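The values are calculated or read from the model by the stated rules, or taken from the named source; none is laboratory data. Predicted model, so just to flag it, every value in this text is computed and none were measured. Backbone-built Cβ (ideal geometry, glycine too); neighbour counts: all protein chains shown.
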Amino acid sequence: MSTAMHLAAVRLRLTDRRRLSSPARLRRHLDARVARARDAARRRAADPVGGVPRGPVPHELRQTCHTRFRDLPGTTVHTLVPATDEPSDTPRDICVYLPGGHHIDPPDAARWGLVSRLTDAGFRVDVPVTDPPPLVTAATAVPVVRQVLAEARAAAAATGHRVVLLGEGAGGGLALAALLADPAPGDPGVTTAPSRVALVSPWLDPALDDPAVAGLVGRDPVLHPAGLRVAAEAWRGDLPADDPRVAPLAAPSLRGLPPVEVWAGDREILLPGCRALAARLAAEGVPHRLHVTPGAVHAWLLASTPEGRRDASALVNDLLEG
């Protein structure tokens, strides 16, 4: 483990871990996020043109990318295209990126940094940013993600390009849930399927009841089951706990998925869920790879550490080759 990774772990233990280890703190944080989201919705309704979208793109990224956004139910979809000498509508491969944040927080600077890596590699990047629960729950988010994927697939297919799907943290669980969901009436179905899927530190087991989780709680400086279970309960809404839209590993079959790359750190409590996914993918004949980085914490690919920079570059290269 690098010194930079060690220092990042210390900082995260004092910030993220402190909040996530206390259900009461997490509930207060969720309530504050919901209040902000409701206030922002009122401002958007009063000023549809000038209202601030969910998760606004940072100024620095708007200097290097063409940006636009569109609103879907409970969601703002940001589209970023590299600002080059080519027209902004030049056809490109598309990466749909579902960011993490425990289903509560909008993308932070580190997550937009990953978007910058993707646009630097030449991708058009679509980033759906959702309201926190209960304004948006698994039941309402999954069809929106499927719609975003279907629209991206149609745009890419028209010009002979590809769509790849990247999900990180809670967005990793949502990505898998969207791919496995039973199509609703009018759903485009298999036309939503990307050519490749990458899941970074995905939260696949909302209950975190794998016995192996307990052995990692003391080593994980970022996540804690106590707070995550509060977020999971809010995200579940009225769905059963074993509904695949909530718990994608509960899906009866994973057959038919595109190739899947799973990335996890060996210090995070989400690692057992990643191993369980890899075991099922192997058993059901789905092409996949599980990358486990020693000493790495949750979502370390977002961090400015030697391990983070190395693995983020490898992730982007994998998506380019998919």
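The table below lists the values:
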read-out: Segment 301-319 residues that are within 14 Å of Gly113 (Cα to Cα), paired with ones that are assigned to a loop (DSSP other than H, G, I, E, B) and of a type in the set (S, T, N, Q) (beta carbon under 6 Å, 6 or more apart); value: Thr305/Ser2
read-out: Top-ranked residue in segment 25-82 [being under 25 Å from Val142 (Cα atoms) and among the polar types (S, T, N, Q); ranked as farthest from the chain's Cα centre (by Cα)]; value: Thr67
read-out: In segment 148-167, the residues that are under 14 Å from the mean Cα position of the chain (by Cα) and free of Cβ contacts under 8 Å to residues at least 60 places away in the same chain; value: Leu149
read-out: Residue among Pro221, Pro225, Pro259 that alone is of a type outside the set (Asp, Glu) and modelled with pLDDT under 95; value: Pro221
read-out: Some residue of segment 269-290 being in contact with a His (Cβ under 7 Å, 6 or more places away or on another chain), within 21 Å of Leu114 (Cα to Cα) and hydrophobic (A, V, I, L, M, F, W, C); value: yes
read-out: Qualifying residue in segment 250-268 (condition: β-branched (Val, Ile, Thr), buried (at least 21 other Cβ atoms within 10 Å of the Cβ) and closer than 17 Å to Leu174 by Cα); value: yes
read-out: Of all residues making up segment 233-262, the number that are touching a His at 6+ places or on another chain (Cβ under 8 Å) and farther than 22 Å from Pro194 by Cβ; value: 2
read-out: Matching option when the condition is part of a loop (DSSP other than H, G, I, E, B) and surrounded by 20 or more Cβ atoms within 10 Å (Cβ to Cβ), among Val230, Val222; value: Val222
read-out: Selection within segment 240-254 - within 18 Å of Glu284 (Cβ to Cβ) and in a loop (DSSP other than H, G, I, E, B); value: Pro244, Ala247, Ala251, Pro252, Ser253, Leu254
read-out: From the options Val136, Val57, Val52, Val145, residue that is part of a loop (DSSP other than H, G, I, E, B), closer than 24 Å to Leu228 by Cα, hydrophobic (A, V, I, L, M, F, W, C) and touching a residue at least 12 places away in the same chain (Cβ under 8 Å); value: Val136
read-out: Test for Arg111: is it of a type in the set (D, E, K, R) and in contact with a strand residue (DSSP E or B) (Cβ under 6 Å, 6 or more places away or on another chain); value: no
read-out: Subset of segment 60-107 that is assigned to a strand (DSSP E or B) and in contact with a Phe, Trp or Tyr (Cβ under 6 Å, 6 or more places away or on another chain) - its residue that is surrounded by the most Cβ atoms within 10 Å (Cβ to Cβ); value: Cys95
read-out: Among residues of segment 276-286, those that are touching a helix residue (DSSP H, G or I) at 6+ places or on another chain (Cβ under 8 Å) and either crowded, with 20+ Cβ neighbours inside 10 Å or of a type outside the set (A, V, I, L, M) (or both), counted; value: 2
read-out: Check on Leu315, crowded, with 16+ Cβ neighbours inside 10 Å and either part of a helix (DSSP H, G or I) or among the aromatic types (Phe, Trp, Tyr) (or both); value: yes
read-out: Test: residue in segment 25-37 that is within 28 Å of Ala158 (Cα to Cα) and either touching a Pro at 6+ places or on another chain (Cβ under 8 Å) or surrounded by 14 or more Cβ atoms within 10 Å (Cβ to Cβ) (or both); value: no
